[in-house]
Ligand code: PNS
């Protein structure tokens, strides 16, 4: 059985992530979404909120699970008995950032091969950091995130409209 890990901060999960999750879930028997707990950074959304939103988004996909992880990605990959790490590439800038990470991960664990998926062109400008920036100015993020994120934010009083 092939298993892949799709890791990220997901702060918050974007429409681009959802597209990649859907495509990756079709390529592997099992997909584990790994939500990074980064104690060095203060995320906009708590770990619990990020996991909850992702679980709601993938609830109709029986081969996808969502977990949080702390520490090295390669260790999480090993715990999950995964064969691959899936990352999305929006641009050459992403590639510059991702290649050394993929190589470092491979050096630490030869079972942790990274598979890159080209982001769909309509999401090439979408990022969690852009969402957080737009939110600082109360700008509309409805094109950037799935409905679940908008609903969560309304229910938790994070947006006024
Ligand atoms: O969504 P992001 O923030 O781009 O995801 C980055 C992530 C979670 C994939 C990366 O920061 C990560 O793997 N962190 C865990 C620590 C680790 O293993 N770092 C790589 C060692 S070189």
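The values are calculated or read from the model by the stated rules, or taken from the named source; none is laboratory data. Predicted model, so just to flag it, every value in this text is computed and none were measured. Virtual Cβ from ideal backbone geometry, glycine too; neighbours counted across all protein chains shown.
I'd like the residue in the stretch 98-130 that is within 12 Å of the ligand (Cβ to nearest atom) and more than 30 Å from residue 1 (Cα to Cα) and, out of all such residues, is surrounded by the fewest Cβ atoms within 10 Å (Cβ to Cβ).
In this case the residue turns out to be 129.
What are the pairs, 6+ residues apart or on separate chains, where a residue within the stretch 114-137 that is closer than 15 Å to residue 149 by Cα has its Cβ under 7 Å from a residue that is in a helix (DSSP H, G or I) and modelled with pLDDT of 95 or more?
Here the result reads 126/15; 126/16, each pair linking the stretch 114-137 to a residue that is in a helix (DSSP H, G or I) and modelled with pLDDT of 95 or more.
Looking at this structure, is residue 97 at pLDDT 95 or above, within 17 Å of the chain's Cα centre (by Cα) and either part of a helix (DSSP H, G or I) or closer than 24 Å to residue 143 by Cβ (or both)?
Yes: the conditions hold for residue 97.
Let me spell it out: the conditions are (1) surrounded by 15 or more Cβ atoms within 10 Å (Cβ to Cβ); (2) within 14 Å of the ligand (Cβ to nearest atom), and residue 91 meets all of them except one. Which number is the exception?
Unmet condition: (1).
Counting only residues that are over 13 Å from residue 6 (Cβ atoms) and touching a strand residue (DSSP E or B) at 6+ places or on another chain (Cβ under 7 Å), which one in the stretch 29-49 is surrounded by the fewest Cβ atoms within 10 Å (Cβ to Cβ)?
29
Which one of the conditions (1) touching a residue at least 12 places away in the same chain (Cβ under 8 Å); (2) more than 11 Å from the ligand (Cβ to nearest atom); (3) assigned to a helix (DSSP H, G or I); (4) surrounded by fewer than 20 Cβ atoms within 10 Å (Cβ to Cβ) does residue 65 fail to meet, given that it meets all the rest?
(3)
Assess whether residue 23 counts as being touching a strand residue (DSSP E or B) at 6+ places or on another chain (Cβ under 8 Å), surrounded by fewer than 18 Cβ atoms within 10 Å (Cβ to Cβ), in contact (Cβ under 8 Å) with a residue 40 or more places away in the chain and part of a helix (DSSP H, G or I).
Yes; evaluated as a whole, the condition is true for this residue.
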